[in-house]
Amino acid sequence: MLEIKNLHVQLEEEDKKILKGVNLSLEAGKVHAIMGPNGSGKSTLSYVLSGKKGYEVTAGSAHLEGNDLLAMAPEERAAAGLFLAFQYPVEIPGVGNMTFLRSAVNSQQKLRGEPEMTAGDFLKAVRAKAQNLKIEPDMLKRPVNVGFSGGEKKRNEILQMAMLQPKMCILDETDSGLDVDAMKLVSQGVNALRDNKRTFLVITHYQRLLDHIKPDIVHIMAAGKIITSGGPELALEVEKNGYADLLEETA
């Protein structure tokens, strides 16, 4: 699904290298988790894959289903099936949630050469998916994320993901700022989208999210590269012992 080889990235406005040779192979239908100390490059990886400005790729490649991801504009990456759930979802005053969602869905349909959803079909689909995420109808009418709690913002992003039906889902510290109940709701929404064709990359600091979104593979990132990978037990080891032993082993 997503193949990343020897990816090197630095900030555009200063000579600061952040990613220093990231290699990852993410298979269709699998959930991969990335954990690591602060400043290890986890969020930068998600930003670069989604096409956020401010980063320069100096070496390496990233291909989504064989297509050169780094050569695409951000909207083309989204249309190709990439979705990024932000750590801190932005507010968009003056833009209604329903209008935003329908515009996003139909923009992707158009880029793919597919027919746009009718107003009736869209309304039926979004109401059903919102109900599953316990999103009140009033939230759908409000401006995007304006006045939303942390949990509401994250559920709103999972609703966007449910409507867009991406192939490659990147969750950047989705558990940040969530209480236990909100995290369970968000995790249920994510798990409802798991299938043998959709791939997830879950970026997190804590095992607690992985108690709800069970990963197939866990990667540890430090100093801009993946230093080790393993099964779910690797996340439990980090939770118990921290990163010091792993960093020492790979030094």
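The values are calculated or read from the model by the stated rules, or taken from the named source; none is laboratory data. All figures in this text were calculated on a predicted structure; none of them were measured in a lab. Glycine gets a Cβ as well: all are built from the backbone with ideal geometry, and neighbour counts include every protein chain shown.
Listed here are the residues, each with its yes/no results for (1) of a type in the set (A, V, I, L, M); (2) modelled with pLDDT under 90.
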| site | (1), (2) |
| --- | --- |
| L193 | yes, yes |
| L201 | yes, no |
| H205 | no, yes |
| I217 | yes, no |
| V238 | yes, yes |
Checklist entry - Regarding K167, is this residue loosely packed, with under 15 Cβ neighbours inside 10 Å, charged (D, E, K, R) and touching a strand residue (DSSP E or B) at 6+ places or on another chain (Cβ under 9 Å)? => result no
Item to check | Sole exception among (1) small (G, A, S); (2) assigned to a loop (DSSP other than H, G, I, E, B); (3) at positive phi for G21, by number | outcome: (2)
Checklist entry - If we keep just the residues of segment 1-28 that are touching an Asp or Glu at 6+ places or on another chain (Cβ under 8 Å) and exposed (fewer than 14 other Cβ atoms within 10 Å of the Cβ), which is modelled with the lowest pLDDT? => result E12
Checklist outcome for this item: Inside segment 156-169, the number of residues satisfying the requirement of being farther than 17 Å from P74 by Cα and of a type outside the set (V, I, T) is 5
Checklist entry - Do any strands (runs of 3 or more DSSP E) lying entirely in segment 149-251 carry at least 1 residues that are among the aliphatic types (A, V, I, L, M) and within 29 Å of K129 (Cα to Cα), and which ones are they? => result 168-172, 199-203, 217-222
Checklist entry - What number of residues within segment 193-217 are touching an Asp or Glu at 6+ places or on another chain (Cβ under 8 Å) and within 19 Å of N23 (Cβ to Cβ)? => result 2
Item to check | Of residues in segment 147-182 being among the β-branched types (V, I, T), more than 19 Å from N106 (Cα to Cα) and modelled with pLDDT under 90, the one farthest from the chain's Cα centre (by Cα) | outcome: V180
Checklist entry - Residues of segment 125-144 being at pLDDT below 90 and not aliphatic (A, V, I, L, M), which ones? => result R127, K129, Q131, N132, K134, E136, P137, D138, K141
Next on the checklist: If I ask for residues that are among the aliphatic types (A, V, I, L, M), more than 11 Å from the chain's Cα centre (by Cα) and buried (at least 19 other Cβ atoms within 10 Å of the Cβ), which ones from segment 186-213 would you list?
Outcome noted: V186, L209, L210, I213
Item to check | Selected residue (criterion: nearest to R77 (Cα to Cα)) from residues of segment 170-184 that are buried (at least 20 other Cβ atoms within 10 Å of the Cβ) and among the aliphatic types (A, V, I, L, M) | outcome: I170
Item to check | Residues within segment 214-225 that are touching a Leu at 6+ places or on another chain (Cβ under 8 Å) and either surrounded by fewer than 17 Cβ atoms within 10 Å (Cβ to Cβ) or over 25 Å from L193 (Cβ atoms) (or both), tallied | outcome: 4
